[in-house]
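Read-outs throughout are calculated quantities, based only on the coordinates presented, and are distinct from any laboratory measurement. Remember, it's a predicted structure, so these values are computed and weren't measured experimentally. Every residue, glycine as well, gets a Cβ built from its backbone with ideal geometry; the counts of neighbours run over all protein chains shown.
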Amino acid sequence: MEKLFRLQENGTTVRTEVLAGLTTFMTMAYIIALNPNLLTNFDTGSALWNGVFLATCIASALAMFCMAFLANKPFALAPGMGLNSFFAVVVSNIVTLTGMSYVQSFQSALVIILLEGIVFLVLSVLNIREKIVNAIPLGVRLGIAPAIGLMLMNIGLGSNVGVYSENGGPFYVMRDFFGALTPSVTQTTMGSGYSTMVLTVVTMFVGLFVTVILAKKGVKASVLLGMLVASIVYWIGDFAVLGVNPFASLSTASFVPPFADMVETTLFKFDFNGFLQIGWFTAITLVITFCMIDMFDTIGTLVGTASRAGMVDKEGNMPNMKEALISDAIGTVAGACTGTSTVTTFVESASGVEAGGRTGLTALTTGILFLACIFIAPIAAIIPAAATSSALIYVGVLMVMGLKNVDFDDLDQMVPVSLMLIAMPISGSIGHAIGIGLISYTVIKVFTGKAKEVSALTYVISVLFLVKFFLIV
């Protein structure tokens with residue numbers, strides 16, 4: 001282990017790395033079931049759903065193994081949120097445009113992901129993606145981690161937990177619980193879902209405060225233990241208050257991997273004829289769109305998380321960035337070949353980094369757990385979303401602390417950073433927020449007589465984002 005991951009050099013141990021990998025896994029295990037739900041329009045139990053489920057586990061694991069052994073970094077990868085929703089919309093549009101079945105349209109859209117992955121692999125090998133990272137001004141880079149922190153808090157308090165009832169839904173903690181004027185209004189709005197919402201809120205904050213208290217006492221596994229306590233609270237509440245058995249799903253769950261369904265629907269099922277029916281302009285536009293979103297989501301996550309972990313130099317550059325980007329590109333190609341949307345570096349990696357993860361052993365641990373989920377997915381599914389929310393909120397708070405590195409007296413820094421701080425949680429896209437930050441930075445420099453301080457590549461990236469925002473739907 002020492003020779004492979006240089007643990008002593010990075011100030012860590014096998015125990016710390018394994019716990020960090022487990023922590024990362026628990027905060028992002030939701031993607032294992034959510035990704036096939038989104039990509040198949042919640043057609044659970046279908047052959048396509050089973051194929052995407054296996055693809056999610058396998059492609060994520062392969063990408064994390066590459067991150068572990070090529071880059072020796074603690075970052076986890078999986079099909080990216082936002083990108084998978086966009087992919088599902090693209091598939092539905094192909095159905096409407098061509099009249100093909102959903103499965104055929106899905107297989108046609110996989111060609112887009114394959115092309116995107118190949119483009120990124122070439123750009124990464126040629127160091128072009130690394131040059132793009134270095135083209136991001138230091139001030140903008142310093143703001144990425146805090147902006148990601150706000151997005152994590154928004155996910156934890158907002159979109160990570162949705163409660164449904166006879167009154168509809170989803171109802172969310174911050175919008176529908178804390179956003180209501182009085183408890184009576186809240187209860188009327190949510191109906192029978194109100195009790196679940198109360199349990200969710202209690203679980204979330206118990207997990208958060210347990211994590212904070214343990215962290216203040218110097219317990220390295222504070223995030224993991226906080227999630228464990230939160231899970232126990234939720235399970236007890238489910239059983240004692242709501243009268244629901246939280247483990248009931250395990251009695252009917254299947255632990256046999258549906259490999260036959262994967263071979264039938266997604267494994268190397270590229271429909272190039274269907275892809276050509278989309279039209280060349282639309283196809284090229286889609287590839288470019290996926291490329292831009294994925295590139296800056298990945299760059300933002302790597303830079304932001306590495307900054308928080310102290311894995312960057314004085315100029316804000318991360319060692320082995322090229323290898324990390326290659327791992328990300330390989331993950332996308334693997335995802336296309338197995339049958340899922342773009343695989344990218346997950347922002348939830350920050351939870352493992354906060355738990356002490358500093359080397360590829362963290363990524364390797366998370367990857368092994370993802371691979372194991374081929375057989376034990378039902379067990380991973382019983383981890384309540386409220387418990388993962390407590391971890392996301394805590395890590396988000398810690399990442400916001402990075403604002404101390406930003407020069408608040410310099411408008412060249414503060415305007416782009418401020419815009420990213422609000423744009424990232426609202427848009428849900430790291431890449432789009434970085435684009436807004438770069439455009440604002442460039443405009444300020446140009447119109448204050450400092451155009452020469454902006455690199456040529458920053459100009460190019462800013463223009464590309466303008467085209468993306470205003471011309472590419």
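Largest first, please: the extent of the C-alpha atoms of segment 160-201 along each principal axis, to the nearest Å.
Taking the Cα atoms of segment 160-201, the three principal extents are 21, 20, 15 Å.
Mind scanning K73/K404; K131/K269; K73/K216; K216/K314; K73/K322; K73/K468 and naming the pairs with a C-alpha gap bigger than 22 Å? List each step's numbers first, then the result.
Working: K73/K404 25 Å; K131/K269 34 Å; K73/K216 26 Å; K216/K314 28 Å; K73/K322 12 Å; K73/K468 31 Å.
In this structure, K73/K404; K131/K269; K73/K216; K216/K314; K73/K468 exceed 22 Å between Cα atoms.
Give me the three principal axis extents of segment 100-221 from the C-alpha atoms, as integers in angstrom, largest value leading.
So the three principal-axis extents are 59, 53, 28 Å.
Take each complete run of DSSP H in the chain, measure how far its Cα atoms stretch along the helix's own axis, and keep only those covering 20 Å or more with mean Kyte-Doolittle hydropathy at least 1.6; list them. List each step's numbers first, then the result.
On the way: long enough: 14-28 (21 Å, 0.88); 47-66 (28 Å, 1.76); 83-98 (22 Å, 1.64); 102-125 (34 Å, 1.93); 138-154 (25 Å, 1.47); 193-216 (34 Å, 1.78); 222-240 (27 Å, 1.75); 280-309 (43 Å, 1.20); 321-338 (25 Å, 0.82); 360-380 (27 Å, 2.10); 385-400 (22 Å, 1.86); 411-427 (23 Å, 1.44); 430-446 (24 Å, 1.49); 456-470 (21 Å, 2.13).
The answer, listed by residue number, is 47-66, 83-98, 102-125, 193-216, 222-240, 360-380, 385-400, 456-470.
Over segment 35-186, with a single point scatterer placed on each C-alpha, what log10 of the ratio I(q)/I(0) does the Debye formula yield at q = 0.15, 0.18 1/Å?
Results for segment 35-186 at q = 0.15, 0.18 Å⁻¹ read -1.12, -1.28.
On a C-alpha basis, how far is the centre of segment 28-75 from the centre of segment 206-262 in Å? Whole number, if you could?
About 20 Å separates the Cα centre of segment 28-75 from the one of segment 206-262.
Contact order normalised by length for the chain, with contacts defined as Cα pairs under 8 Å and 6 or more residues apart; what percent is it? Before the final figure, lay out each step's value.
On the way: 852 pairs, mean separation 166.8, N = 473.
Reported as a whole number, the value is 35 percent.
May I ask you to derive the FRET efficiency for V463 and L411 from their Cβ-Cβ distance with R0 = 30 Å, giving the value to the nearest 0.05?
Values: r = 22 Å, r/R0 = 0.75.
The computed FRET efficiency comes out at 0.85.
Which of rounded, prolate or oblate describes segment 403-470 when judged by the alpha-carbon gyration tensor and an a/c cut-off of 1.5? Walk me through the numbers before you get to the answer.
Numbers: a/c = 2.24, a/b = 1.06, b/c = 2.12.
The shape class here is oblate.
Please compute the length gained on full extension between N37 and N134, using 0.36 nm multiplied by the number of residues separating them and subtracting their Cα-Cα distance.
Working: separation 97, 0.36 × 97 = 34.92 nm, distance 3.66 nm.
In short, 31.3 nm is gained.
Between V125 and V443, what's the calculated FRET efficiency when r is the beta-carbon distance and R0 is 56 Å? Round to 0.05. It would help to have the intermediate numbers written out before the result.
On the way: r = 33 Å, r/R0 = 0.59.
With a Förster radius of 56 Å, E is 0.95.
Can you tally the net charge around V210? Count Lys and Arg as +1, Asp and Glu as -1, for every other residue whose Cβ sits under 13 Å from the Cβ of V210.
Numbers: positive: K216, K217; negative: none.
It works out to a net charge of +2.
What share of Cα pairs, in percent, lie more than 28 angstrom apart in segment 214-362?
Values: 5483 of 11026 pairs.
Above the 28 Å cut-off, segment 214-362 has 50 percent of its Cα pairs.
In terms of the Cα gyration tensor, with a ≥ b ≥ c the square roots of its eigenvalues, is segment 2-402 rounded because a/c is under 1.5, prolate because a/b exceeds b/c, or oblate?
Numbers: a/c = 1.56, a/b = 1.10, b/c = 1.42.
Since a/c reaches 1.5 but b/c is at least a/b, the shape of segment 2-402 is classed as oblate.
Roughly how many nanometres apart are two label points built 7 Å out from the Cα toward the Cβ at K404 and A260?
That separation, rounded to one decimal, is 5.9 nm.
Note down the relative contact order for segment 1-136 as a percent, whole number, built from C-alpha pairs under 8 angstrom at least six residues apart. Mind showing how you got there, number by number?
Values: 82 pairs, mean separation 21.5, N = 136.
Answer for segment 1-136 is 16 percent.
Pick out, in residue order, every one of the chymotrypsin sites (Phe, Trp or Tyr not before Pro) in segment 428-473 that is DSSP loop and has at most 10 other C-beta atoms within 10 Å; say none if there are none.
Details: sites: Y441, F447, Y459, F465, F469, F470; in loops: F447.
Of the chymotrypsin sites (Phe, Trp or Tyr not before Pro), the ones in loops of segment 428-473 whose Cβ has at most 10 other Cβ atoms within 10 Å are F447.
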